[in-house]
Amino acid sequence: MAFIAPERWLPRSMASRLYLIIFIGLMLAQGLSFAVMFYERYESATATMFDTVEHEAGTSVAMLDRLPAAERAGALGLLQRDNYRFLLGHGQPGTPLTNERSWQLVHRIEKEVGPDYRVQADAMSTHAGAYQVHFTLHDGSPLTMEVTPRGIPPIAQWLPIVLVLQLCLLLICTWLAVRLAARPLAQLAHAAESMTPTADGPRLSEAGPIEVAQAAIAFNTMQERIARHLKERLHILASISHDLQTPITRMRLRAESLEEGEERQKILNDLHEMEHLVREGVAYARSAHGGAETPVRMDVKAFVESLVFDYQDMGKPVTLEESIGGAAMVRPQALRRVLGNLIDNAIKYGGSAEVSAWRNEEGAMCLAVCDRGPGIPEDQLEQVLQPFYRLEGSRSRDTGGAGLGLAIAVQLARAIGGGLQLSNREDGGLAAVITLP
């Protein structure tokens, strides 16, 4: 038999799992308590009944034994109870008594009345659970006590109401316990999702229980360490890229003083690539701080049209396919840089760029830059967003580069609170979609 993992039937969220486990545990504990209480009540009621029937039976038999035979029939009605009655005579034919509780009551009655009455018992075949206790009075007359055991004592009318109230109390307490336990985890997840490329996201509150406070302190400390590490890395990259400009400039001046020739041109081309790499490195280091720009309210359609017209004025094959009206809060410089990098890539690899803007079903603003180029293999759509990753093996002057254009775009998009997604178009080409909140 195959083992079924509990994750298959448990809810996906931790709050739901905790709620289910705690509620089931409390319900089982409540059910066990109710079963124990009910069993104890049944045993107590049975013991009380035995004592009552034992004494009353002894008293009734002694009274009937002392009455004249002619008056005994009239007294039977006075001696009748809910669970037993007396009959003059041998009663109905029966079978041997096998019930343990019935034997206990018979022995107690026999002990109460004494051996003179020659007590015997048998089960009644006409009533399930009923039995007869036979006595022989001192004058030789037979007397039968017909016992019909009653079921479980009835439940009080207020007991179901109390049980429902207890169930409601369990639900409320379980909900509160789960909420208190799961809320810090939700806050931790939200803080982790809100971390920016510079790790300067919101700090968690360090108040609350010891375990929650320790987790919050550890998260805040981790965020500070990551922020310092990233700032140091970006500072080193920017410093190296900046410091390389001076020797590159000196080398260019010296190369330009050489005589015209093929070697001179090769050196100048190499220096040009080095300058491009340095500029891209500085731009990548600065892109992590794109979120520091103050958002401003501006017309989205006018912004996109202005960017497209700027490229068209330079003779670039850029078209505006779709746009939206209305104002939105954006960081214009960072967004312009993101769109500019995507448009430059589309022109370089696809020959042209198609720009469009719309709002999705959630109301978020989406901007897309599409081309009709060869696209990107599906298994490399995520890798091309990494710094210095390029599809072709060589860094040719026609299609090559530093491999930082898309990395700068995606880092800037994340810095301003958005995201960048690449996908291949069905009819050929690549689509880069920026989603902003």
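A quick yes/no check of all residues on (1) more than 19 Å from D51 (Cβ to Cβ); (2) in contact with a helix residue (DSSP H, G or I) (Cβ under 6 Å, 6 or more places away or on another chain); (3) acidic (D, E):
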{"site": "A73", "(1), (2), (3)": "yes, no, no"}
{"site": "T95", "(1), (2), (3)": "yes, no, no"}
{"site": "E100", "(1), (2), (3)": "no, no, yes"}
{"site": "K111", "(1), (2), (3)": "no, no, no"}
{"site": "H127", "(1), (2), (3)": "yes, no, no"}
{"site": "A130", "(1), (2), (3)": "yes, no, no"}
{"site": "D139", "(1), (2), (3)": "yes, no, yes"}
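Could you give every pair whose Cβ atoms fall below 7 Å, whose first residue belongs to region 53-76 and is within 15 Å of E146 (Cβ to Cβ), and whose second residue is assigned to a helix (DSSP H, G or I) and basic (K, R), counting only separations of at least 6 or pairs across chains?
That search, which allows pairs on different chains as well, returns L64/R72.
Restricted to region 357-383, and to residues that are crowded, with 17+ Cβ neighbours inside 10 Å, touching a Ser or Thr at 6+ places or on another chain (Cβ under 7 Å) and small (G, A, S), which residue is nearest to A415 (Cα to Cα)?
A368
Among what's in region 344-362 and is in a loop (DSSP other than H, G, I, E, B) and not polar (S, T, N, Q), pick the residue that is nearest to the chain's Cα centre (by Cα).
Initial filter on region 344-362 (in a loop (DSSP other than H, G, I, E, B)): 351-352, 360-362.
Those left that are additionally not polar (S, T, N, Q): 351, 361-362.
Numbers: G351: 47, E361: 24, E362: 22 Å.
Per the criteria, the residue is E362.
Considering only region 330-341, how many residues are closer than 15 Å to A302 by Cβ and touching a Leu at 6+ places or on another chain (Cβ under 9 Å)?
4
If you go through region 31-41 one residue at a time, do you hit one that is at negative phi and not in a helix (DSSP H, G or I)?
The answer is no, given that none of the residues of region 31-41 is at negative phi and not in a helix (DSSP H, G or I).
Test each condition in (1) in a helix (DSSP H, G or I); (2) loosely packed, with under 11 Cβ neighbours inside 10 Å for H138 and report the one that comes out false.
(1)
Using the structure shown, decide if V330 is hydrophobic (A, V, I, L, M, F, W, C) and touching a residue at least 60 places away in the same chain (Cβ under 8 Å).
yes
Hey, which of the strands (runs of 3 or more DSSP E) in region 291-343, taking only ones fully inside, have at least 3 residues that are more than 13 Å from L367 (Cβ to Cβ) and modelled with pLDDT under 90?
Answer list for region 291-343: 296-299.
Go over the candidates R85, R101, R108 one by one and state the one that is modelled with pLDDT under 85, under 20 Å from P149 (Cβ atoms) and not acidic (D, E).
R101 is the lone residue from the list that is modelled with pLDDT under 85, under 20 Å from P149 (Cβ atoms) and not acidic (D, E).
From the set of residues in region 78-112 that are among the aliphatic types (A, V, I, L, M) and in contact with an Asp or Glu (Cβ under 9 Å, 6 or more places away or on another chain), which is most open to solvent (accessible area, probe 1.4 Å)?
Filtering first and then ranking leaves L87.
Within the bounds of region 207-215, is there any residue that is at pLDDT below 75, buried (at least 17 other Cβ atoms within 10 Å of the Cβ) and not in a helix (DSSP H, G or I)?
No, region 207-215 contains no residue that is at pLDDT below 75, buried (at least 17 other Cβ atoms within 10 Å of the Cβ) and not in a helix (DSSP H, G or I).
Please tell me if L20 is farther than 30 Å from S102 by Cα and either more than 42 Å from the chain's Cα centre (by Cα) or surrounded by fewer than 11 Cβ atoms within 10 Å (Cβ to Cβ) (or both). Can you show your working first?
Details: farther than 30 Å from S102 by Cα: yes; either more than 42 Å from the chain's Cα centre (by Cα) or surrounded by fewer than 11 Cβ atoms within 10 Å (Cβ to Cβ) (or both): no.
Judged against the criteria, L20 is not a match.
Filter region 10-26 down to the residues that are modelled with pLDDT of 80 or more and not β-branched (V, I, T) and list them by number.
Selection gives G25 alone.
The values are calculated or read from the model by the stated rules, or taken from the named source; none is laboratory data. Quantities reported herein were computed from a predicted structural model and do not represent experimental measurements. Neighbour counts run over all protein chains shown; Cβ positions are idealised from the backbone, glycine included. All accessible areas refer to the heavy atoms of the entire protein, side chains included, with ligands and DNA or RNA removed. Shrake-Rupley method; radii C 1.70, N 1.55, O 1.52, S 1.80 Å.
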